[in-house]
1. Is there any pair linking a residue in segment 96-112 that is farther than 16 Å from PRO227 by Cβ to one that is of a type in the set (Gly, Ala, Ser) and part of a loop (DSSP other than H, G, I, E, B), with Cβ under 8 Å and at least six apart or on different chains, and which?
2. Tell me, yes or no, whether segment 22-30 has at least one residue that is outside the structural domain of ILE147 (by TED's automatic domain parsing) and under 17 Å from SER214 (Cβ atoms).
3. Identify all residues within segment 134-163 that are within 24 Å of GLY63 (Cβ to Cβ) and polar (S, T, N, Q); write none if there are none.
4. Which residue is nearest to SER217 (Cα to Cα), if the candidates are limited to segment 1-56 and must be among the β-branched types (Val, Ile, Thr) and in a loop (DSSP other than H, G, I, E, B)?
5. Of the residues that sit in segment 133-154 and are part of a strand (DSSP E or B) and touching a helix residue (DSSP H, G or I) at 6+ places or on another chain (Cβ under 7 Å), which one is surrounded by the fewest Cβ atoms within 10 Å (Cβ to Cβ)?
6. Would you call ALA64 among the aliphatic types (A, V, I, L, M), touching a helix residue (DSSP H, G or I) at 6+ places or on another chain (Cβ under 8 Å) and either modelled with pLDDT under 75 or more than 30 Å from ASP32 (Cβ to Cβ) (or both)?
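The values are calculated or read from the model by the stated rules, or taken from the named source; none is laboratory data. None of the values given here were measured: they were computed from a predicted structure. Neighbour counts run over all protein chains shown; Cβ positions are idealised from the backbone, glycine included.
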Amino acid sequence: MYARDIAGRELTFGVSGKLIMNALVMYDHQTDTLWSHFLGQAVEGELKGQQLEFIPAVQTTWGAWKKVHPDTLLLSTGRFRFDSYVRYYDDPNAPGIIGETFSDDRLGRKDLVLGLLMAGEAKAYPFKELAFQPVLNDQAGDIPVLIVFDILTHFAATYSRRLDDRELSFVEIENPEHGEVRMWDEQTASLWDGLTGESLEGPLAGERLQQLPSNYSFWFAWKDYHPETLLFGEGAAAPAS
């Protein structure tokens, strides 16, 4: 998700019909500049080099979201749309329409990852690893980060573990309700909601962690755009070929 304003100018976007390394290319109606949706960056045209502001968002089920935000508005066409990509999702040997750009067998091509880009350093967290560590304290560059994951809904989010001048560490609370991730911090024993990053009970009740931009992606797509990416559980990236 991106903000649509550049230097005080509000842009509107459409689909160009082009692809860059299998990823959608947008265009803006105001200047016909082409934009990479994966990078949020203008790649050709009047605004080339400009960067859209990345707005953190989460992917979860409607039920889990509505429980936390009961008054939310729903964007809907009112019609059911058949997902013609279901067979593509399930085919492990189909890396996009034009194939992968770099070979990297540290993961399967269609393995899902949560990608994080901080201070120019890319790091990928495989869903299959997060399933065993749904509340993960980690470090991205010099930023202490918290990765929160729910295997039932494939919800994942990334937060900074810094709150004011304090660095927190978190522990999962087992057996939450369906679609929920609950945790407590080891410093104050406050209770936190993983979906919102808000403290619900304890000394820090009402405080909210800063959500960091992250990217849901197939492994083949993430490593094509970030061939030097680190992979959670490894010390360094494998060389691209």
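1. Close Cβ pairs satisfying both conditions: LYS110/ALA94.
2. Taking segment 22-30 as the starting set, the residues that turn out to be outside the structural domain of ILE147 (by TED's automatic domain parsing) are 22-30.
Retained after the next criterion (residues that are under 17 Å from SER214 (Cβ atoms)): 23.
Yes: segment 22-30 contains one or more residues that are outside the structural domain of ILE147 (by TED's automatic domain parsing) and under 17 Å from SER214 (Cβ atoms).
3. If the condition is that a residue be within 24 Å of GLY63 (Cβ to Cβ) and polar (S, T, N, Q), then THR153, THR158 are the ones that fit.
4. The selected residue is ILE55.
5. Of the residues in segment 133-154, the ones part of a strand (DSSP E or B) are 135-140, 143-150.
Remaining after also requiring touching a helix residue (DSSP H, G or I) at 6+ places or on another chain (Cβ under 7 Å): 136, 147, 149.
Working: LEU136: 19, ILE147: 26, PHE149: 24.
Only one residue fits best here, namely LEU136.
6. no
Residue-wise test of (1) touching a strand residue (DSSP E or B) at 6+ places or on another chain (Cβ under 6 Å); (2) modelled with pLDDT of 95 or more.
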position: ASP111; (1), (2): yes, no
position: ALA119; (1), (2): no, no
position: LEU130; (1), (2): yes, no
position: PRO134; (1), (2): yes, no
position: LEU146; (1), (2): yes, yes
position: ALA156; (1), (2): yes, no
position: GLU172; (1), (2): yes, no
position: ALA189; (1), (2): no, yes
